[in-house]
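Read-outs throughout are calculated quantities, based only on the coordinates presented, and are distinct from any laboratory measurement. Fair warning: this is a prediction, and the values are worked out from it, not measured in the lab. So basically every Cβ, Gly included, is an ideal-geometry build from the backbone, and we count neighbours across all protein chains shown.
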Amino acid sequence: MGYIKSAALEETGYVVLDRYNKEIDPKEWLDIEYVDWKSSGDTRFAPLASAFGDIECNGFWNHKPPRTDKDGVFIPSQVEKAPTLTARAQEPGANIGRCRVIELQPNSYADCLYNLHQDDNNRLNPDGTGWVVRGFFNLTDDTESFFVLRENRTDPSVEYRIALPAGAQLIIDTQRLWHAATHLGTDPRYCLITSWESGPELDAYIEKHNGVKHVPNFEVDQEVLDAGQAEQTRRLAARAAALAARGQAEKLVMSEA
Ligand SMILES: [Fe+2]
C-alpha cells in the first residue's frame, strides 16, 4: 500500500516556506523547561508535546505501549509559556507527534558534517497512513548559520545548505535526508521542531506558505567545504576504528536533531 507522502517533498526531500514575519517574545523559548537530551551536537530540548504530556523527549516507540511519532500530548505548563510556538505547530492541522524546541550550542561546518544523521520518525508507523516529516522554525536570528541536508552522508555532491535567519521555516523528510545544522554564532541557536503527519492538511499548509523545493545554497568558501569534508572523513574513520576495537557497529540513526 505504501505511505501517504507530500508530492512537494518528493524531488529534494525538503521545502522552504515563506519567512515567518511576526515578532515572538524570546521568553517563549527561554522560559520553558529544558531537559538534557543528547542529539547531534551540544544540545538541550524543551518539549511542548511528548508521548504522554510529560517533560521528556524520548521517542514514542520507547514508551509502553510503543507507538509511532504521532498523537503527541501537549504539556500544559510548557504551552502556557509558549502559546505562539504552540499555535504555529498546530497551524497546519496535521497530526503532531513530538514537538520541541532545540537549543544548539555553536559548532563548525566540520562538526555539522560529523553530526549528519537520519531521524527515525516512522518507526512503527502503520503502512497506508501518513509519512512523518518535520517542521523546523528557526527562532533566533542566526544569519551565519545554515542547515545542511544530504542524500548521502559522506557524498558532498548533493548538499543543500539552507540559511537560518529568524523566521526561516523548513519542512524536511528527515528520515530520508541526512541533516544537521552548522551554527557559527556565539550564542545558542533555538529552533522549534515538530513532527507532522503527511496528508492533505500538510499539503495545504505548504501551498498556503508557498513552499519551494529549491533555494540557492548558502554560500560557503570552497576551502571551508573541502576542509569540512576531510575532517568528516577523518572523524568517521576514527570513530569506526574505535567502535571496531570495542566490537560494536556504528549506530547510524539518532532520534533527534
Ligand atoms: Fe534529526
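Is the range 103-253 rounded, prolate or oblate when judged by the Cα gyration tensor, a ≥ b ≥ c being the square roots of its eigenvalues, rounded requiring a/c under 1.5 and prolate requiring a/b larger than b/c? Oblate is the answer for the range 103-253, as a/c is 1.5 or above yet b/c matches or exceeds a/b. Put a plus charge on the Cβ of each Lys and Arg, a minus charge on the Cβ of each Asp and Glu, and nothing anywhere else: the dipole of the chain about its Cα centre is then about 720 debye. Sum up the charges of everything whose Cβ sits under 11 Å from the Cβ of residue 55, counting Lys and Arg as +1 and Asp and Glu as -1, but leave residue 55 out. Within the 11 Å Cβ shell, the charges total -2. Going by a ≥ b ≥ c, the root eigenvalues of the Cα gyration tensor, does the range 135-187 fall in the rounded group (a/c under 1.5), the prolate group (a/b larger than b/c) or the oblate group? Note, shape of the range 135-187 comes out oblate.
Which one of 152, 109, 248 has its Cα pushed farthest toward the positive end of the charge dipole of the chain, where Lys and Arg give +1 and Asp and Glu give -1 at the Cβ? Checked the options; the winner is 248. For the range 1-149, a/c is less than 1.5, where a ≥ b ≥ c are the root eigenvalues of the C-alpha gyration tensor. That puts it in the rounded class. Sequence-distant contacts, meaning Cα pairs under 8 Å at least 6 residues apart, place the relative contact order of the chain at 28 percent. In the chain, the calculated helix contribution to ellipticity at 222 nm averages -6500 deg cm²/dmol per residue, counting -39,500 (n - 2.57) for every DSSP H run with n ≥ 4. In the chain, inverting the average of 1/r over every pair of distinct C-alpha atoms gives 18.5 Å as the Kirkwood radius.
Near residue 26, once Lys and Arg are set to +1 and Asp and Glu to -1 for all other residues with Cβ below 14 Å from its Cβ, the sum equals -4. Among complete DSSP H helices in the chain, those whose alpha-carbon atoms stretch at least 24 Å along the helix's long axis and whose mean Kyte-Doolittle hydropathy reaches -0.5 are 222-246.
All other residues whose Cβ lies under 9 angstrom from that of residue 81 are scored, Lys and Arg at +1 and Asp and Glu at -1, for a net of -3.
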